[in-house]
Amino acid sequence: MSLRPLPGLTLDELGRELQSRARAVETLRWLYAQAAVPPRLPEALPGVSQQAWSRFAAASGLCVPSVRARQEAPDGTVKYGLEFDGVTVETVRIPARGRSTICVSSQAGCTRACVFCATKELGFLRHLRAEEMVAQYLWARAEAPPGQPASNVVFMGMGEPFDNLDEVLRAVEVLTQSPAPQLRQVSVTVSTSGVLPGLERFLKESRASLALSLNATTDEVRERVMPHNRTWPIAALLGALRADAARGSKRETFVEYVLFDGVNDTDADADRLVALLRELPARVNLIPYNPYPGTALRTPPHQRIVAFHARVVAQGQLCLVRWPRGREIAAACGQLAGAEIRDAAAGGS
Ligand code: SAH
């Protein structure tokens, strides 16, 4: 195959391949109208000349994963282990009122080594291609319950999106392109552990929403839990967000803050957090730490989480607690490194 699989092609590229924008539109309409992911491209497509289609179908494909695992939590959250070209990654569908959010992976394993995150146990296997990210969305979307369509995508699965920015930007473009699937830019959120060069480029080139995983209010603490903070410290990251706001971007921006017992959950941290974000149009998401075996970190007591939240809100900062979803199946934040995947990684398959 000499062309990218269909889910990784933009409308413009597809139009060039099929020598007509109208044919490209028909093709996208077909793909995104499928209730379930088809096993392969069809022999013919209504509305597309047979000659152009045959040539395209011979050179492209659909990037269909093999499903290695499927687990469903009592709250309806579903975690898939999807294999692409020898690596298995995790994708999560999280139902909410009237919609579902699909959490996609951008790498197999991760290029970063945050001490609190289970994905780092895998090491770095490889970057995912845009079609593999879009295929995760297509796969997880197919089983969304009626009345809860997959209208939101978050790049919060395995991996650091800004270490794989070209492919992530391409996936965002495909997901938000007209006519399909045409997710709203604001409904697609890319989350970063704070890779400054990628962050700056993303802020200039994309209108999608951003989540910055801050997780500490001093460089000293942040370095302990996120080693690359030595290269890109807190002030530099928040400076990039300020510059984006000053350009008038109106971007939806979230600051993610995982709460660790006795590490970053004091009243002084709450006050520093508010001070750091002053004049930044960002909302804070507090994430109670989801423990995984092998670290000394603990989840704060429930009362501490509630008190931290109240203290931040009292100072006028928008802030929500993201109580964990899918913890029972290790599908919550920082838990994506299932045993079946570790086995596959160890076996080099
Ligand atoms: N690499 C990107 C996206 C993946 S992590 C990033 O760091 O943003 C998605 C979110 O899960 C991040 O906000 C991260 O801080 C959080 N997270 C990671 N491990 C966690 C854990 N064990 N408990 C709770 N949240 C965690």
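The values are calculated or read from the model by the stated rules, or taken from the named source; none is laboratory data. Fair warning: this is a prediction, and the values are worked out from it, not measured in the lab. Cβ: placed from backbone, ideal geometry, glycine included. Neighbour counts: every protein chain shown. Each accessible area value is taken on the protein alone, full model and side chains, heavy atoms only, with ligands, DNA and RNA left out. Shrake-Rupley method; radii C 1.70, N 1.55, O 1.52, S 1.80 Å.
The residue that is farthest from the chain's Cα centre (by Cα), counting only those in segment 103-161 that are open to solvent by less than 40 Å² (accessible area, probe 1.4 Å) and among the acidic types (Asp, Glu), is Glu131. Being of a type in the set (S, T, N, Q) and within 30 Å of Arg230 (Cβ to Cβ) is the filter here, so list the residues in segment 109-144 that pass it. Residues satisfying the conditions are Thr111, Thr119.
Pick from segment 136-164 the residues that are part of a helix (DSSP H, G or I) and closer than 19 Å to Arg99 by Cα: which of them is nearest to the ligand (Cβ to nearest atom)?
Residues of segment 136-164 that are part of a helix (DSSP H, G or I), as a first pass: 136-142, 161-163.
In the following step, the residues that additionally are closer than 19 Å to Arg99 by Cα were identified as 136-142.
Numbers: Gln136: 14, Tyr137: 16, Leu138: 20, Trp139: 19, Ala140: 16, Arg141: 20, Ala142: 23 Å.
Among those that are part of a helix (DSSP H, G or I) and closer than 19 Å to Arg99 by Cα, it is Gln136.
Could you please find all residues in segment 231-249 being away from the ligand (no atom under 16 Å from the Cβ), in a helix (DSSP H, G or I) and not small (Gly, Ala, Ser)? Passing the criteria: Arg242, Asp244.
In segment 22-41, which residues are aliphatic (A, V, I, L, M) and surrounded by fewer than 13 Cβ atoms within 10 Å (Cβ to Cβ)?
Within segment 22-41, the subset aliphatic (A, V, I, L, M) is 22, 24-25, 28, 31, 33, 35-37, 41.
Across segment 22-41, the qualifying residues are Ala22, Ala33, Ala35, Ala36.
Residues to consider are Val78, Val64; find the one that is surrounded by fewer than 18 Cβ atoms within 10 Å (Cβ to Cβ) and within 28 Å of Gln148 (Cβ to Cβ).
Details: Val78 fails: surrounded by fewer than 18 Cβ atoms within 10 Å (Cβ to Cβ).
The unique qualifying residue is Val64.
Contact map, segment 108-119: first residue more than 7 Å from the ligand (Cβ to nearest atom) and modelled with pLDDT of 95 or more, second residue among the aromatic types (Phe, Trp, Tyr) and not in a loop (DSSP other than H, G, I, E, B), Cβ cut-off under 6 Å, separation 6 or more or different chains; pairs are Gly109/Phe124; Thr111/Phe124. Can you list residue pairs whose Cβ atoms sit under 8 Å apart, with the first residue in segment 313-336 being touching a residue at least 12 places away in the same chain (Cβ under 8 Å) and aromatic (Phe, Trp, Tyr) and the second being open to solvent by less than 30 Å² (accessible area, probe 1.4 Å) and within 13 Å of the ligand (Cβ to nearest atom)? Count only pairs 6 or more apart in sequence or on different chains. These pairs meet every condition: Trp323/Pro288.
Of the strands (runs of 3 or more DSSP E) contained entirely in segment 250-337, those carrying at least 3 residues that are within 20 Å of Leu237 (Cβ to Cβ) fall at 253-259, 282-288. For segment 283-315, the set of residues classified as open to solvent by less than 70 Å² (accessible area, probe 1.4 Å) and more than 11 Å from the ligand (Cβ to nearest atom) consists of Val284, Pro300, Arg304, Ile305, Val306, Ala307, Phe308, His309, Ala310, Val312, Val313, listed by residue number.
With segment 51-132 as the region, which strands (runs of 3 or more DSSP E) entirely inside it contain at least 2 residues that are touching a Pro at 6+ places or on another chain (Cβ under 7 Å) and within 29 Å of Gly194 (Cβ to Cβ)?
Working: elements: 66-72, 78-84, 87-96, 99-103, 107-109, 124-127.
Once the strands (runs of 3 or more DSSP E) in segment 51-132 are filtered for at least 2 residues that are touching a Pro at 6+ places or on another chain (Cβ under 7 Å) and within 29 Å of Gly194 (Cβ to Cβ), what remains is 78-84, 99-103.
When Cys114 is tested against (1) on the phi > 0 side of the Ramachandran plot; (2) touching a His at 6+ places or on another chain (Cβ under 9 Å), just one condition goes unmet, and that condition is (1).
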